[in-house]
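The values are calculated or read from the model by the stated rules, or taken from the named source; none is laboratory data. All figures in this text were calculated on a predicted structure; none of them were measured in a lab. Reconstructed Cβ throughout: ideal geometry from the backbone, glycine too, with neighbour counts over all protein chains shown.
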Amino acid sequence: MALGSNVRHGRHGGPRRVLAAAVAALADHVTVAAVAPVIVTAPVGPSLRRYANGAVVVRTALAPDALLALLKAVERGFGRRRGRRWGARVLDLDIVLWSGGIWRGKGLAVPHRGFRGRDFVLLPATRIAADWRDPATGLTVAQLYGRLTRPRPLPKRGVPKAATPGKGP
């Protein structure tokens with residue numbers, strides 16, 4: 001599961017503390033098996049505030065749709081209001097992977113549709129679940145992160161031969 005926050009909470013404090021409080025709130029309902037160190041990242045979309053991002057591995061008998069309902073309730077408990085996509089938020093909780101593989105339901109797809117392209121999800125996940133496999137690609141979380149972040153050569157600039165200095169047609 002991925003966690004994110006970029007708004008201070010009146011009781012819990014800054015985003016890092018919001019994530020710690022969210023993990024504690026989750027532990028009231030599921031078994032928290034592992035917690036990744038929090039990283040700070042630039043926002044995606046219109047938000048101007050930096051995000052605290054993390055990941056947790058939880059154990060639960062809940063099906064993904066029931067787990068999503070629990071996550072939405074925890075978000076509401078932290079003052080999360082539905083609003084602009086990628087806007088500032090006190091708490092964002094997402095199911096990224098599930099030990100049962102692929103799951104599709106109303107308003108939920110597991111694996112999370114965008115996780116493969118998000119370093120702020122993959123980096124924390126590599127700290128606690130590097131060997132978990134994406135059921136759609138067969139790649140591990142570590143391999144997905146490596147593919148996303150590997151250096152790529154700059155595109156070659158095409159210079160027509162006739163335009164090369166000192167060379168005639």
Practice problem: Look through Leu48, Leu3, Leu62, Leu19 and report the one residue that is closer than 20 Å to Arg118 by Cα and over 15 Å from the mean Cα position of the chain (by Cα). | Solution: Leu48
Exercise. Just one of (1) exposed (fewer than 15 other Cβ atoms within 10 Å of the Cβ); (2) farther than 20 Å from Tyr51 by Cβ trips up Thr140, so point out which.
Key: (1)
Practice problem: Mind listing whichever residues of the stretch 95-140 are under 13 Å from the mean Cα position of the chain (by Cα), part of a loop (DSSP other than H, G, I, E, B) and of a type outside the set (Lys, Arg)? | Solution: Ile95, Val96, Leu97, Pro111, His112, Gly114
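Return yes or no: is Val90 surrounded by fewer than 12 Cβ atoms within 10 Å (Cβ to Cβ), in a loop (DSSP other than H, G, I, E, B), at pLDDT below 95 and β-branched (Val, Ile, Thr)? Please lay out each step first, then the result.
On the way: surrounded by fewer than 12 Cβ atoms within 10 Å (Cβ to Cβ): no; in a loop (DSSP other than H, G, I, E, B): yes; at pLDDT below 95: yes; β-branched (Val, Ile, Thr): yes.
Considered against the rule, which asks whether it is surrounded by fewer than 12 Cβ atoms within 10 Å (Cβ to Cβ), in a loop (DSSP other than H, G, I, E, B), at pLDDT below 95 and β-branched (Val, Ile, Thr), Val90 comes out as no.
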Quiz item: For the stretch 24-57, how many residues are closer than 18 Å to Val121 by Cβ, buried (at least 17 other Cβ atoms within 10 Å of the Cβ) and among the small types (Gly, Ala, Ser)?
Solution: 4
Quiz prompt | Positions within the stretch 6-39 being at pLDDT 95 or above and in a strand (DSSP E or B), in sequence order | solution = Thr31, Val32, Ala33, Ala34, Val35, Ile39
Self-check item: Among (1) under 13 Å from Asp92 (Cα atoms); (2) not in a strand (DSSP E or B), the one test that Asn53 misses
Solution: (2)
